[in-house]
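The values are calculated or read from the model by the stated rules, or taken from the named source; none is laboratory data. Please read all numbers here as calculations on a predicted model, not as lab measurements. Note: ideal-geometry Cβ built from the backbone for every residue, glycine included; neighbour counts use all protein chains shown. Surface areas here come from the heavy atoms of the whole protein model, side chains and all, with no ligands, DNA or RNA. Shrake-Rupley method; radii C 1.70, N 1.55, O 1.52, S 1.80 Å.
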Amino acid sequence: MTTSVHAHGLFQKGTSYMDGPASVTQCGIPPGDNSTYEYVVEQAGNFWLHGHDHHQNSDGLRTPLVVYDRGAPPVTYDEEMLFAFEDWYPETFAERAKITLDPDLPFPPTHGYGWGLINGVNGNDTRPIYFTPGCTYRLRLINMSATMWYQFSLPGHVLQVVEIDGEYTEPREVDGVEMGPAQRYSVLVTAHSTNAFNYHYNATMFASFIPPAPGLAPRIFIGNVIYKHGAPFIRSDPYDGSF
């Protein structure tokens, strides 16, 4: 089976032949062979690499790509953290497509609910993130899913959007962000001035075409935001659709 790799979000000015879609800008790379992608990157921000042949993105050939500014970025922060969101299925894309298109089977098929990964692991098994009082963090949010959307929030904190899809924006304060497949955000969040409490972040995976099903759709993942070990947690409710 051949393969190819697409750098999602890069403009590829003058190098469209390096864009990656097999049978569009290049031939697929045969098994056992190799190919080198070379292009000038003039953007900065959050992007991702993924397979662009035989639906290999959906089967897991994908990874984040962060491009840093050549000089000082136009936003100020102390540290940054990456959140790479994915949908994941036990069946291959070809197996799912066969089931989905079978007119004799119900919709949505069982595999349609999928599972959610955050930074490569089950969404509820991700490592905690650590905040230092008073520090400002840049959270890089990348939805690498093939099908599913994600909503991200950090209750008890204000998120300030500063970059979307590789373009810096006018700063805007929000309660959370919603990302379709392939969308990316950078948000700034400033930690509270005290470490008296710990918090949670919420990441909800959903798709509008999949009917709600308890425990399956939407899938709600909750991670820990640690200010101080042993401090009590402030209760946070899952995203309620009111961003």
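Per this entry, L65 is counted among residues that are farther than 22 Å from F131 by Cα, at pLDDT 95 or above, among the aliphatic types (A, V, I, L, M) and under 12 Å from the mean Cα position of the chain (by Cα).
The set of residues in segment 3-46 that are under 30 Å from V162 (Cβ atoms), open to solvent by 90 Å² or more (accessible area, probe 1.4 Å) and not in a loop (DSSP other than H, G, I, E, B) is empty. Out of everything in segment 191-206 that is closer than 23 Å to R140 by Cβ and outside any strand (DSSP E or B), what residue ends up being least open to solvent (accessible area, probe 1.4 Å)? Out of the qualifying residues, it is A191. Residues that are among the charged types (D, E, K, R), open to solvent by 40 Å² or more (accessible area, probe 1.4 Å), part of a loop (DSSP other than H, G, I, E, B) and farther than 27 Å from W48 by Cβ occur at least once in segment 212-233. If you filter segment 94-134 down to residues that are among the charged types (D, E, K, R) and in a loop (DSSP other than H, G, I, E, B), you find that the one that is surrounded by the fewest Cβ atoms within 10 Å (Cβ to Cβ) is D104.
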